[in-house]
Amino acid sequence: MTVDNQSLAIDQCIEAQYHLALGNEPTQTIDLQGLFTHEAGKSGVFDLSDISSTSFGKLLDALPVPVLLVDQWFCIAFVNQACGKLSFDSKGVKGSRFADLLPRPDDAARANTLRAKTMILLERAFADRRPQKAEAILEIGKRRIWSRLHLRSVRSGFDRYIMVTVEDVTYERTRQRMFQKCENELRETLIELEERLQRISRELSEMEQKLERETALHEETKRQLKAYIENKGNN
């Protein structure tokens with residue numbers, strides 16, 4: 001199932017209500033240093049360019065859910081094997097900016113707003129180091145999906161990354177919007193029927209009043225005619 005700009009509002013991709021701050025709880029950064037004891041350099045910085053061959057990369061590839069790793073420059077440093085469920089050419093997004101996965105509206109102002117919301121989401125994940133959650137339309141390879149994003153802070157030595165778990169909710173959201181559309185259409189139909197019934201009721205009331213006036217006029221005419229005949233007979 002694909003997503004287009006007509007079926008889903010692209011400027012509602014990422015909204016503030018989806019961000020989950022965990023109050024005063026401590027930060028929940030996942031520290032990967034233990035996994036890279038023999039793989040990190042002396043500087044303590046782990047090179048993600050070859051992460052697929054590392055223990056952590058193999059672990060991510062073994063996960064049945066799509067996962068992206070975003071570096072401190074907001075670029076996609078790693079795409080696991082499960083991303084192939086989202087698009088057959090998902091590996092092609094590696095190295096691109098995460099914000100570039102969001103389709104750009106034709107309207108420049110809307111496009112800038114969408115990009116700004118995306119940057120705020122990533123910056124918050126880096127700064128707060130707490131899980132974040134959002135929903136957005138993503139264009140993975142040649143496929144466009146409505147996705148639910150789960151962001152977690154990840155640390156490797158002195159470097160920090162954002163691990164983004166992508167949940168494809170296109171079917172769920174499409175059904176929801178179709179149901180909402182049907183509900184709206186039904187509501188509009190009921191309103192239209194109610195207005196039509198009210199109009200018919202008014203017309204019937206007007207016809208009843210007109211009939212009463214005509215009946216009264218007819219009775220008055222009969223009374224006057226009877227009086228005329230009686231008066232003429234007496235003469």
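The values are calculated or read from the model by the stated rules, or taken from the named source; none is laboratory data. What you see is a predicted model; the values in this text were computed from it and never measured. Cβ atoms come from the backbone with ideal geometry, glycine included; neighbour counts cover every protein chain shown. When the accessible area is computed, the model is the full protein with side chains, heavy atoms only, and any ligands, DNA or RNA have been set aside. Shrake-Rupley method; radii C 1.70, N 1.55, O 1.52, S 1.80 Å.
Just read off the accessible area of Val164 with the full protein assembly in place, 1.4 Å probe, to the nearest 10 Å².
0 Å²
Return the lysines within reach of Lys226: Cα separation strictly under 25 angstrom, same-chain partners fewer than 8 residues apart disregarded; answer none if there are no such residues.
Leaving aside lysines fewer than 8 places away in the same chain, those within reach of Lys226 are Lys210.
Given the Cα-Cα distance of Arg196 and Gln209 and 0.36 nm per residue of separation, how much length would full extension add, in nm?
2.7 nm
Would you rank Leu193, Leu204 by solvent-accessible area, highest first, keeping every protein chain in place and using a 1.4 Å probe? Before the final figure, lay out each step's value.
Numbers: Leu193 80, Leu204 105 Å².
Largest accessible area first, the residues go Leu204, Leu193.
At a probe size of 1.4 Å, how large is the accessible area of Phe56, to the nearest 10 Å²?
Estimated to the nearest 10 Å², Phe56 gives 10 Å².
Give me the accessible area per residue for segment 145-229, probe 1.4 Å, as a whole number in Å².
Working: 6500 Å² over 85 residues.
Here the per-residue accessible area is 76 Å².
Subtract the Cα-Cα distance of Glu183 and Arg110 from 0.36 nm times their separation in residues, and report this length gain in nm to one decimal.
Working: separation 73, 0.36 × 73 = 26.28 nm, distance 2.81 nm.
Taking 0.36 nm per residue and subtracting the Cα distance, the gain is 23.5 nm.
Give the relative contact order (percent, whole number) for segment 100-235; include only Cα pairs under 8 Å separated by 6+ residues. Provide the component values of the computation, followed by the final result.
On the way: 99 pairs, mean separation 18.4, N = 136.
Relative contact order here is 14 percent.
Sort 172-181, 76-85 by the packing proxy (mean of other Cβ within 10 Å over each peptide's residues), most packed first. Please list the in-between numbers first.
Values: 172-181: 12.8, 76-85: 20.0.
Result, highest mean Cβ count within 10 Å first: 76-85, 172-181.
Rounded to the nearest 10 Å², what accessible area does Arg199 show when all protein chains are kept and the probe is 1.4 Å?
Answer for Arg199: close to 110 Å² accessible.
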